[in-house]
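To start, the structure itself, in structure tokens.
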Amino acid sequence: MRRVYLDNNATTPVLPEVLEAMEPYFGEHFGNASSIHHHGQETRAAVERARESVAKLLGCRASEVVFTSGGTEADNLAIFGLVRPGDHVITSTIEHHAVLNACKHLVKQGCEVTCIPVDGRGLVDPADVKRALRPNTKVITVMFANNETGVVQPVAEIGKIAAEAEVYFHTDAVQAAGKIAIDVNQIGCDLLTISGHKLHGPQGVGALYVRKGTQIEPMLHGGSHERSRRAGTENVPGIVGLGKAAELAVAGLDRSNEGGDDLKMAAARDRLERDLLAIEATGLNGEGAPRVPNTTNIYFDGIEGEALVIALDLKGLAVSTGAACSSGAIEPSHVLLAMGLSRERAKASIRFSLGKQNTPEDVDFALGFIPETVARLRQLSPVWNKVPARTT
Ligand SMILES: Cc1ncc(COP(=O)(O)O)c(C=O)c1O
């Protein structure tokens, strides 16, 4: 059975070049990167090469890159590494749970948190961020690109506001890395998160950019790895894989180097989006906002998103809803609700996210049966005839 994977914002397949780069570090190059003998020096050199590659991806110095176990840890390290009881933090309503739940925990520890709302397009207004500043504001944490809609936030403007107010700025760039160019100096951030498995690297590895001079308190207490910012023996194969993925991401965006992965993804995504929006009673979540090139989030009124995901999976197409299953009940996406969608429309929304491996034929395949599947589910739906959009 043919299978097409359009859920790359959940995780991306590891590219063959990445796997090839990692393989020796599961075998012949097994040393502990802290050992001073030959075996340790070999893996230390590989870790430092990967650090250089990640630094190139982000436009920073290698010494400013801290390897972590993934995006969640990097987000937590940025937040808990800086914020102390009594401090105030500004974030947004559409953050990933790695940031939102970290902020919830801060409240329990005696911190204050302001959640900035978004508009109907899913965009944070920098003026709201500025208005939320208080004398005790320590950190602003607003994501670069949203994982559900792909909407790109005005991070450079927020960076300016943070700099003027002398407040730290962290941005979760997990869904931006590899899809659009990242330059920490242009953004003006002090901390930035990436995750290996969202840019065709392995799962379980990520990195936090920490601007030189920014003192963060480590979360893990142990050895002095990562310049005492993250204790624990390095995940060498993972770090090597992240480094290779970062290299390939840079090359993929470099127009002078046969790059253009982003343009190819955008062309395929735009065609998919255009044809899906031609189905009646559908709409684009994030319409009118800048978006990363690989993501489209569409509502299909009158259906349950989960039912569509399952029906498409049975035909070989992997997509997802932004919904979370909490205590047995499926809750609509907090991101779509924050954008003002009704619960029904949020639950009728599907995210399609492309990766470097997808081809125009993958889009043909998906378009070959999505319209009829939507029509069939609508026929079975008790609410479809009552959906007002159908008659307007
Ligand atoms: C925006 C964003 N931040 C953080 C994370 C967490 O990254 P990881 O899975 O590496 O812990 C994700 C993963 O879905 C994400 O999309």
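Summary table
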| quantity | calculated |
| --- | --- |
| Matching residues in the range 193-214 - criterion: being assigned to a loop (DSSP other than H, G, I, E, B) and among the β-branched types (Val, Ile, Thr) | 205, 214 |
| Every pair of residues 6+ apart whose Cβ atoms lie under 7 Å, when the first sits in the range 92-109 and is more than 8 Å from the ligand (Cβ to nearest atom) while the second is open to solvent by less than 10 Å² (accessible area, probe 1.4 Å) and not hydrophobic (A, V, I, L, M, F, W, C) | 94/122; 94/146; 102/75; 103/91 |
| Residue in the range 72-95 that is under 28 Å from residue 254 (Cα atoms), buried (at least 21 other Cβ atoms within 10 Å of the Cβ) and either touching a strand residue (DSSP E or B) at 6+ places or on another chain (Cβ under 8 Å) or not basic (Lys, Arg) (or both) present | yes |
| Test: residue in the range 175-192 that is part of a strand (DSSP E or B) and within 19 Å of residue 63 (Cα to Cα) | yes |
| Verdict on residue 181 being closer than 24 Å to residue 53 by Cβ, of a type in the set (A, V, I, L, M) and open to solvent by 50 Å² or more (accessible area, probe 1.4 Å) | yes |
| Count - residues of the range 203-228 that are more than 16 Å from the ligand (Cβ to nearest atom), at negative phi and either of a type in the set (S, T, N, Q) or crowded, with 21+ Cβ neighbours inside 10 Å (or both) | 4 |
| The range 11-34 residues that are over 28 Å from residue 174 (Cα atoms), paired with ones that are more than 16 Å from the ligand (Cβ to nearest atom) and aliphatic (A, V, I, L, M) (beta carbon under 7 Å, 6 or more apart) | 29/46 |
| Residues satisfying the stated conditions in the range 108-139, i.e. over 14 Å from residue 154 (Cβ atoms) and over 24 Å from the mean Cα position of the chain (by Cα) | 108, 109, 110, 111, 112, 131, 132, 133, 134, 135, 136, 137 |
| Candidate set from the range 156-178 (those that are of a type in the set (Val, Ile, Thr) and open to solvent by 10 Å² or more (accessible area, probe 1.4 Å)); member that is farthest from residue 99 (Cα to Cα) | 161 |
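The values are calculated or read from the model by the stated rules, or taken from the named source; none is laboratory data. This is a predicted model, so every value here is computed, not measured. FYI the Cβ positions are ideal-geometry reconstructions off the backbone, even for glycines, and counts take in every protein chain you see. Surface accessibility is based on the protein's heavy atoms, side chains included, excluding ligands, DNA and RNA. Shrake-Rupley method; radii C 1.70, N 1.55, O 1.52, S 1.80 Å.
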